[in-house]
1. Using a 1.4 Å probe on the protein heavy atoms, what percent of the accessible area of the stretch 373-463 belongs to carbon and sulfur?
2. Would you work out the relative contact order for the stretch 358-460, in percent, from Cα pairs under 8 angstrom that are 6 or more residues apart?
3. May I ask you to compute the full-extension gain from Arg232 to Ala283, defined as 0.36 nm times their residue separation minus their alpha-carbon distance, rounded to one decimal in nm?
4. For Ser107, list long-range residues whose amide hydrogen, built 1.01 Å from N in the peptide plane, is under 5 Å from its own amide hydrogen.
5. Explain nothing, just compute: Karplus ³J(HN,Hα) = 6.51 cos²θ - 1.76 cosθ + 1.60, θ = phi - 60°, for every residue of the stretch 441-453 in order, whole Hz, x for Gly and Pro.
6. Looking at this model, which pairs from Lys151/Lys213; Lys135/Lys342; Lys213/Lys310; Lys170/Lys342; Lys135/Lys170; Lys151/Lys310 are more than 29 angstrom apart at the alpha-carbon?
7. May I ask you to list the aspartates and glutamates whose Cα is less than 13 Å away from that of Lys320, ignoring any residue fewer than eight positions away on the same chain?
8. Need the C-alpha centroid separation for the stretch 291-351 versus the stretch 176-255, integer Å.
Amino acid sequence: MVNPSSSSIPPGFWGNLSPIQENRLQQLWTLLLHLAEASSLGALEQFVRVNSLEPVRSSLSSLSRPPSRRNSLFVRTDSVLSRKNNRTSTPVYHTRLLQTFRDVGLSGAQIRNVRRFLAQMSPEDVRFGILTAAKHEHPDIYFLRFLRVSKWDVNQALIHLLNAIVWRLKEMQVDNVLLPRGELYAAEHERDLTNPYRADEARGFINQARMGKGFVHGVDRQNRPIAVVRIRLHRPGDQSEEALEQFITHIVESARLLVLPPVETATVLFDMTGFSMANMEYAPVKFIIRCFETYYPECLGVLLIHNAPKVFAGVWRIIKPWMDPRIVERTHFTRTTADLEKFIDRNQLIAELGGNEDWEYEYIEPHPDENQAMHDTATRDSLLAERQSLGEEFLSATSRWASAAQAGNPTELNEIYEQREDIIEQIRVNYWDLDPYVRARNNLDRTGVIQDGAWIEMYPEPRTPLPAQIQTAKILQVAQVGRAQVKLVDL
């Protein structure tokens with residue numbers, strides 16, 4: 001999978017894969033297809049025999065913590081519920097599946113992890129999890145993250161991927177609770193006298209957004225979105241651990257929407273100006289590390305720790321051993337504006353950090369009607385049905401793609417590859433059509449960074465009403481960048 005422009009793409013990334021790396025990607029998809037019941041066990045057994053898989057065996061930690069008390073806002077269909085309630089064939093299917101995974105070479109610890117996964121997730125959950133986790137991103141790009149972090153060990157990548165899906169769907173419930181509720185839900189419930197616990201959690205979440213403890217703004221020299229965390233604004237105890245983790249996840253998911261091909265990562269800048277030990281709390285640090293390494297692997301481009309005082313040196317000695325060496329390699333300490341300029345152009349560096357961009361963080365309160373589209377359940381369900389249908393087509397095409405690669409027929413492989421890419425593009429378009437119906441608006445939407453129809457404007461002008469004749473005459477020069485639209489110039 002090498003294209004003419006791959007010279008600018010690092011090896012091991014989508015668009016610049018060696019034959020071995022592409023084969024590993026197909027192996028990972030084949031394993032996941034089985035968990036999703038998208039193909040027969042016989043196909044996997046044939047795949048194993050043809051490729052003579054000998055992956056590295058390793059023991060991994062358990063899949064995830066127990067599911068939290070959060071309740072899903074989505075209702076599973078009757079067919080899914082009846083499928084889950086039909087337990088007669090499940091033990092036989094699980095037994096055959098686990099035996100096949102043993103034949104592939106999964107270690108005992110990995111098999112135990114898969115067994116725990118099967119106890120928590122149905123095949124429908126697997127399909128749903130893949131589509132929702134990838135969002136508008138190319139699914140292969142999403143999968144390759146787990147292969148790279150696993151050093152191309154397919155079995156280890158499988159466990160990492162299942163871990164992330166379980167966390168996303170069953171614990172943090174990113175796509176069926178956190179994002180649909182969003183900032184408006186928190187603003188509406190922060191003074192809920194009937195449920196003090198919910199009010200405290202909502203208040204802890206929304207207050208972090210209001211003060212700008214963390215926000216996403218602009219891009220660095222590599223066109224990576226920049227997430228800024230102002231550590232001086234953190235006070236342990238001002239919010240619950242759950243509210244803090246929800247806010248961190250909210251920021252990560254916001255940044256993901258701004259990552260445009262061929263860029264696949266973001267820059268995180270920890271502004272340590274004014275830091276004291278009163279701001280220090282280790283639990284959220286551990287959660288952020290888990291995000292970098294486990295829940296969103298290979299999404300971090302660079303981590304900038306800016307203007308850290310001397311007292312932070314002792315904290316860093318504690319934190320550094322917790323981090324994967326690959327994350328440590330991407331961590332840079334900066335002191336001056338000149339240091340930051342190595343990563344961010346001075347004209348794109350906000351004045352607060354010594355740059356020339358005259359921009360200050362402003363939080364716009366959610367409008368009561370900003371999520372009106374989410375009440376249109378008929379349109380939502382129609383788009384979800386379309387996404388499910390496209391997902392089934394995609395998984396079927398992926399199964400045929402992996403089989404064609406085994407057969408070694410270049411003509412057939414190229415034809416199926418093109419069909420698969422066409423379906424992936426339809427899934428991308430469907431996501432942005434669906435987005436207003438399943439994701440609550442956030443501050444990036446309200447400030448004009450994320451606009452209708454997948455428009456991303458990284459440096460929007462302040463929104464002011466224009467005379468009708470100017471609005472009519474307004475000409476937009478746009479560019480199609482990969483799989484997202486970016487507004488370049490307003491004329």
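1. Details: 2100 of 4230 Å².
Carbon and sulfur together cover 50 percent of it.
2. Reported as a whole number, the value is 38 percent.
3. Once the chain is fully extended between Arg232 and Ala283, it gains 16.7 nm.
4. Ser58
5. Whole-Hz 3J(HN,Hα) from phi for the stretch 441-453: 5, 10, 5, 5, 5, 5, 8, x, 6, 9, 10, 4, x.
6. Lys151/Lys213; Lys135/Lys342; Lys170/Lys342; Lys151/Lys310
7. Correct list for Lys320: Glu329.
8. So the separation of the two Cα centres works out to 21 Å.
The values are calculated or read from the model by the stated rules, or taken from the named source; none is laboratory data. What you see is a predicted model, and the numbers here were worked out from it, not measured in a lab. The protein model used for the area step is the full one, side chains on, heavy atoms only, and it has no ligands, DNA or RNA in it. Shrake-Rupley method; radii C 1.70, N 1.55, O 1.52, S 1.80 Å.
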